[in-house]
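For reference, the structure discussed in these notes is given below.
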Amino acid sequence: MHIAQHLQRMSSLISGMILAGSILSSVSGEAATYYVATSGSDANQGTESEPFRTVRQGVSALQPGDTLYIRAGTYAETISPLAMTIPSGTSWSDPVTISGYFGETVTLQGVDLSTGSNISYVIFDNLILDASARSDGSDGLYVGCGSHHIRLSNSEIKNAPSMGVQFCSNADYNEVINCSVHGSVYHGLYISSSNNLFDGNSVYDNRGYGYHLYIQGNRTVSNNVVRNSEIYGNGSGTQYSFGIILGSGDNNVAYDNIVRDNSAGIQVAYGNPHGTEVHNNTVYGNFSVGIWIFPDAIDTIVENNSVYNNTYDIYDQATGTVLSNNGE
């Protein structure tokens, strides 16, 4: 074979390999990043220089592994499958991410993953969910039955006409991390599901409970963790709205929290909660009881808490409670 023919053949092979690689990359699909801005247009491609105008358009463009950045502004939109197509991720290493742009303030009306929508592995980050403009009595964030593995992080949830955050009874394995939840007409967080993590949150000035982990008539609220949170000023609507209630299931845990200046502090009650742990919390200045273990609680562990300056610090009515090293 002449040298020129050999070079031409090699060039053709290389070109074919590059083309095959491009096709394979297109088929496998690499993670994409899209943008929304108040100055954009839904006729755009959603790039940083040509962003979409609506959150609806941006969310509907997403596939597993993709990220949507929302630029600064107030958007009169609720992220909901009733208004847009919301894809699921496939795992926490390949989620769908919907985030306010770094260092910018982004306000939406809420997130409503309605029951039956079956959405999972979605991260909502760096958002303000202000539900005050909603007239439907909705929550700031609602994770309906069938959805799971939803993470809300570094966000503010405020002025909800109902609950700040609510998880349906089988909406499990969710996370609320480094968020503030305040100004709800009812409870800050109303949790009826299991295996959820609440870490590093500020929950305050809600008319009902701060964290309400309980569901009437069922024992399905289990294996939840509430930690590193500050819970204060809740319960203006009733004398016994606690900062935290752990009920209706097994092995719920609250630790390393500050629970102060609520109508009441921490409650273990209802639905025969079993194996609940309350430890290493600071509980003070609550109007009525600091820590109250109700008669139906079984084998509760209350230890290493600093409990003081409540009207009544610790009130145990239950069977099998372990009280150890709780004082100022």
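Are any residues in the stretch 195-221 buried (at least 23 other Cβ atoms within 10 Å of the Cβ) and of a type in the set (S, T, N, Q), and if so, which ones?
Matches in the stretch 195-221: Asn196, Asn201, Asn206.
Being within 23 Å of Asn325 (Cα to Cα), at pLDDT 95 or above and surrounded by fewer than 17 Cβ atoms within 10 Å (Cβ to Cβ) is true for just one of Val253, Val259, Val278. Which residue is that?
Of Val253, Val259, Val278, the one residue that is within 23 Å of Asn325 (Cα to Cα), at pLDDT 95 or above and surrounded by fewer than 17 Cβ atoms within 10 Å (Cβ to Cβ) is Val253.
Being more than 18 Å from Tyr186 (Cβ to Cβ), in a loop (DSSP other than H, G, I, E, B) and hydroxyl-bearing (Ser, Thr, Tyr) is the filter here; which residues of the stretch 120-140 pass it?
Hits for the stretch 120-140: nothing passes.
Please find, among Ala171, Ala160, the residue that is under 12 Å from the mean Cα position of the chain (by Cα), without any contact (Cβ under 8 Å) to a residue 60 or more places away in the chain and not in a strand (DSSP E or B). Write out each step before concluding.
Numbers: Ala160 fails: under 12 Å from the mean Cα position of the chain (by Cα).
Only one candidate passes the filter, namely Ala171.
Out of Ile291, Ile244, report the one residue that is farther than 12 Å from His212 by Cβ, in a strand (DSSP E or B) and modelled with pLDDT of 95 or more.
Working: Ile244 fails: farther than 12 Å from His212 by Cβ.
Among Ile291, Ile244, only Ile291 is farther than 12 Å from His212 by Cβ, in a strand (DSSP E or B) and modelled with pLDDT of 95 or more.
Taking the stretch 83-103 as the region of interest, how many residues are exposed (fewer than 15 other Cβ atoms within 10 Å of the Cβ), among the hydroxyl-bearing types (Ser, Thr, Tyr) and part of a loop (DSSP other than H, G, I, E, B)? If you could, list the steps in order and put the result at the bottom.
Initially, the stretch 83-103 is screened for residues exposed (fewer than 15 other Cβ atoms within 10 Å of the Cβ), giving 85, 90-94, 102-103.
Subsequent filtering for residues that are among the hydroxyl-bearing types (Ser, Thr, Tyr) retains 85, 90-91, 93.
Among the residues that remain, those that are also part of a loop (DSSP other than H, G, I, E, B) are: 85, 90, 93.
Count: 3.
Is it the case, given these coordinates, that Ser162 is in contact with a Phe, Trp or Tyr (Cβ under 9 Å, 6 or more places away or on another chain), surrounded by 18 or more Cβ atoms within 10 Å (Cβ to Cβ) and either closer than 26 Å to Ser93 by Cα or β-branched (Val, Ile, Thr) (or both)? Break it down stepwise before answering.
On the way: in contact with a Phe, Trp or Tyr (Cβ under 9 Å, 6 or more places away or on another chain): yes; surrounded by 18 or more Cβ atoms within 10 Å (Cβ to Cβ): yes; either closer than 26 Å to Ser93 by Cα or β-branched (Val, Ile, Thr) (or both): no.
No: the conditions fail for Ser162.
The values are calculated or read from the model by the stated rules, or taken from the named source; none is laboratory data. Small disclaimer: the values here were computed from a predicted structure and weren't measured. A quick note on method: Cβ atoms are made from the backbone with ideal geometry, for glycine too, and the neighbour counts reach across all protein chains shown.
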